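This report concerns only the one structure given below.
The values are calculated or read from the model by the stated rules, or taken from the named source; none is laboratory data. Note that the structure is a prediction, hence the values are computed from the model and not measured. Ideal geometry is used to build each Cβ from the backbone, glycine not excepted, and the neighbour counts take in all protein chains shown. SASA here: full protein model, heavy atoms, side chains in, ligands and nucleic acids out. Shrake-Rupley method; radii C 1.70, N 1.55, O 1.52, S 1.80 Å.
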Amino acid sequence: MNGNPLKKLGTFGQSIWLDYIRRDLIASGQLRRLIEEDGLQGMTSNPTIFEKAIVGSQEYDQDIQAMALEGKGVNAIYEALSQGDVQRAADEFRPVYDKTAGHDGYVSLEVNPHLAHDTKGTVEEAHRLWKTLARPNVFIKVPATAEGLPAIQDLIREGINVNVTLLFGLPRYRQVADAYLTGLAARAAHGNPLSHVASVASFFVSRIDSLIDPLLDNIIVQGGKKADLAKQVRGQVAIANAKMAYQIYKEIFCSDRFKELAAQGARAQRLLWASTSTKNPGESDVKYVEALIGPDTVNTTPLETLDAYRDHGHPNARLEHDVEEARNVLERLSDLGINLDHVAQQLEDDGVEKFNKPFDKLMQALANSSPRK
């Protein structure tokens, strides 16, 4: 296994996580094999993943029927199933968590996506999930909405691990990092330890190109000087945006502000690359893994991308290659009349809805599976 590209990612300081969860993955021993043979270091989930797992298989039918017969409602059934999977996965990753002293080995569970614009509701649900999961190596996923920012700060202050999700824009990333550091400082001010508090900031990568490339195609079709410019940046914006996010990460977590907290045991909030499967069939299926390899980062991929990278990945530290070119790509985008901040807000809004729909579909499926009285 020495030649396994997935394992080699670790030599460049990047952790590979799996963006997928299902009961049979754990029960069959496949997850353990991925940990042992591929160096898998963590796992993420979201409402879409749980909807596909529970509705798209028969793995959960017996438990659903049993809980329904006991009179449990659909929310209670969903929580029992999703929390059970996360707890079992966290137990599989616990040796990784212990071996890396809490650097890796985490499994993420998201708050109800309908709470994306409800600060108080997010905080309350995150507290409840954290207490119920009762594992040190779990993350509670909180969206990087305007309303999510104060929730992130409060949860970090309370010592709850947070995976900040649905992050697209650079200005919002600065706000996320500030919320994390402010939460840590408030925790330290109350004399509480910082060393066991962990967080990642999850940039959704490929969705940026999926939205922007059609806009660029329209410019290209029109011809002229702008068409040439659009051709130069097509398919490059998401990676350029991620590379600039990493430069911000280095600035923030090399600052005196963080160094003071680090001296008290604080950990950096690592950048996590999410949505890293390639949506354009004409491009490499490992595009968003290869380009974003760098120290103190995480890449969470679906199984198909994980398999593809094992098969034909070529690991190298590329995250800081061509940083100036990345900066130029974003500047050219502005010259083309495309406002990346507006794109990021649209993607955030769309992302919330993309999680609400499968969550609601899952709730309806659970309701339909309940025996009629």
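For the range 251-266, give me each residue that is touching a residue at least 24 places away in the same chain (Cβ under 8 Å) and either touching a His at 6+ places or on another chain (Cβ under 8 Å) or farther than 21 Å from Ile152 by Cα (or both). Answer for the range 251-266, where residues must be touching a residue at least 24 places away in the same chain (Cβ under 8 Å) and either touching a His at 6+ places or on another chain (Cβ under 8 Å) or farther than 21 Å from Ile152 by Cα (or both): there is none. Among the conditions (1) open to solvent by less than 10 Å² (accessible area, probe 1.4 Å); (2) not in a strand (DSSP E or B), Trp130 misses just one, which is (1).
The single condition among (1) more than 20 Å from Thr11 (Cβ to Cβ); (2) in contact (Cβ under 8 Å) with a residue 24 or more places away in the chain that Val298 does not meet is (1). Going by what's in this entry, would Gly191 be described as free of Cβ contacts under 8 Å to residues at least 40 places away in the same chain, out of contact with any Lys or Arg (no Cβ under 9 Å at 6 or more places or on another chain), open to solvent by 50 Å² or more (accessible area, probe 1.4 Å) and among the small types (Gly, Ala, Ser)? Yes; evaluated as a whole, the condition is true for this residue.
Within the range 299-335, take every residue that is small (Gly, Ala, Ser) and in contact with a helix residue (DSSP H, G or I) (Cβ under 7 Å, 6 or more places away or on another chain) and give me the one that is nearest to Thr48 (Cα to Cα). Among them, the one singled out is Gly313. When the helices (runs of 4 or more DSSP H) confined to the range 30-103 are screened for residues that are surrounded by 14 or more Cβ atoms within 10 Å (Cβ to Cβ) and in contact with a strand residue (DSSP E or B) (Cβ under 9 Å, 6 or more places away or on another chain), those reaching at least 1 such residues are found at 30-38, 47-55, 74-99.
Restricting attention to the range 262-284, does a residue exist that is part of a helix (DSSP H, G or I) and over 30 Å from Asn218 (Cβ atoms)? Within the range 262-284, one or more residues are part of a helix (DSSP H, G or I) and over 30 Å from Asn218 (Cβ atoms).
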